[in-house]
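Here is the structure we will look at, set down as structure tokens.
Every number here is computed from the coordinates shown, using simple stated rules; none is lab data. Here the structure is a predicted model, which means the values were calculated and not measured. Here Cβ is always computed from backbone atoms with ideal geometry, including for glycine, and neighbour counts include all displayed protein chains.
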Amino acid sequence: MGNQSFNHLYSRMGLQGTKLQDSLGTLRPSRCNTLLLMVVSLLCTFPLHAQLRGSDWQNVSCTAPSDKIATFRSEGRADKKDQVAADAKCRLFYALFYKGVPGINDDQPLISDDDATVTAPFFNGGSAYEAYIISTDGADNARKVNGKYVAACTITVSMKVLTEYLQKHKVMTGSSVFGSGEGPLMPSIVVVPYRKTGENFKSILENDFDRRLAVSSVVDGFRSRDVVTSNIEQLVRSVQRRGEYEANSADSNDKQLLLSSDADVYVEVDLQKNSNAQGNQVSLILRAFETSTGSDLASKNAVTRRYPNAGVEYLVKMAVQSNLQAFLDDICAHWKKPSTAAGQGTRVVMQFSIDGSCTATMRDPVSAQNGMPLANLVRQWVRKNCFKAQYHMKGIVDESMIFDSVTMPPVDQDGLPMDAEQFAYLLQEFLQEKGVSTRYVTEGTTILFTILSVE
């Protein structure tokens, strides 16, 4: 590569060619060219609006690791406030792909054999990462530091969908984001506060610090034993963004939230405090339920001793630790019974919406089906492919269609366990054959389809 070509690349990257060449002037030409190619390759991979600044890309961490849905903290920096979120997302995916994030994929990078046709759309102004991001929070709190807007963003990512995409395109090796391929020893769990009549999870998490603390302590206990645990606060925000907290009653909202989580089991935490002249005491009741059926799986009640000066946080942690292992053992014992997970299928929620660029509606005919309306085409597939005809359609309008309960078969035609990702893929493949182009995202047991075009 000659000096003219190098100067063209310097210009693209906003670098001063003469300075960089001067600093490398003592190297032999071949070594200089090799080093420059390495630098160019690295910078072209990373987005131009978020180029490396020392090691500040490393302000990325995983706050809730999971091979299904994981939550990260990523610091974004930008010249304009409305660009901070995009910068934080780019930094997160750069770290995941090329540097590794502790808690994910044995702390190793996801990309093992890079292919620019697969990874480039995530960077250089592209936004392919949006297909795998469930929620982003914190960018609105950006503040100006040394001439740049800076904010620590909380980003929730569907790791299951992301890693399957990378594996499909052969840029990531291995069968599991955690590398073992053996799966968890017990079901995944979401921990929620106990609700009184008329309450919902959203109001409790926003207004009751002690119950929020109790939930957090139980989550910490589960994670210390390597149990996959979802973040209830992130799930609440996700449901709010889809407008469902404004649409229905508190009970319906929370049922929808649990069904749309990635959890096989939800654990309810009931906290009671008792204080008198002799000190403080807490009583903690833990109950586990199968998410899809509501079946009661396990229950434990813990009461601490009374301590004169102990805070609620300390007492809650004591109550959790003294009962957690026995509680987990009970969940595992019930979960392995044939009457629960095995052979009964899992319920999912399926939502369909029309993309803004699509001129068709859910009621318009699909030409490849001799004029059958699109909604009927989808409903017929669901009817034939769900488990024992167990499905319920919430409603159809021109722009959307919702099944609030569809029971998937326990296994697919290959005899392998069926999950929401595979179920969605099979429907997408069917619709593609009929001339309907779609994209989808799975959020736990909720499948979100977007109709892109209809022939």
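Annotation: amide H-H contacts under 5 Å for residue 264 (H modelled 1.01 Å from N, sequence separation of 5 or more, or interchain): 188, 189. Here the 3J(HN,Hα) profile of the range 137-150, calculated from phi with Karplus coefficients 6.51, -1.76 and 1.60 at θ = phi - 60°, is 10, x, 5, 5, 8, 4, 10, 8, 9, 6, x, 10, 7, 10 Hz, Gly and Pro shown as x.
Separation of the range 404-434 and the range 126-143, taken as the distance between their Cα centroids, equals 29 angstrom.
Positive contributions from Lys and Arg (+1) and negative ones from Asp and Glu (-1), summed over other residues with Cβ under 12 Å from the Cβ of residue 355, come out at 0.
Taking the Cα centroid of the range 381-395 and of the range 61-116, what is the distance between the two, rounded to the nearest whole Å? Centre-to-centre (Cα) distance: 37 Å. Karplus-derived 3J(HN,Hα) values for the range 93-109, using 6.51 cos²θ - 1.76 cosθ + 1.60 with θ = phi - 60°, are 6, 5, 5, 4, 6, 10, 10, x, 10, x, x, 10, 6, 6, 6, 9, x Hz; glycine and proline are entered as x. The amide H of residue 63, built 1.01 Å from its N in the peptide plane, has 71, 72, 73 as neighbours under 5 Å, considering only residues 5 or more places off or on other chains.
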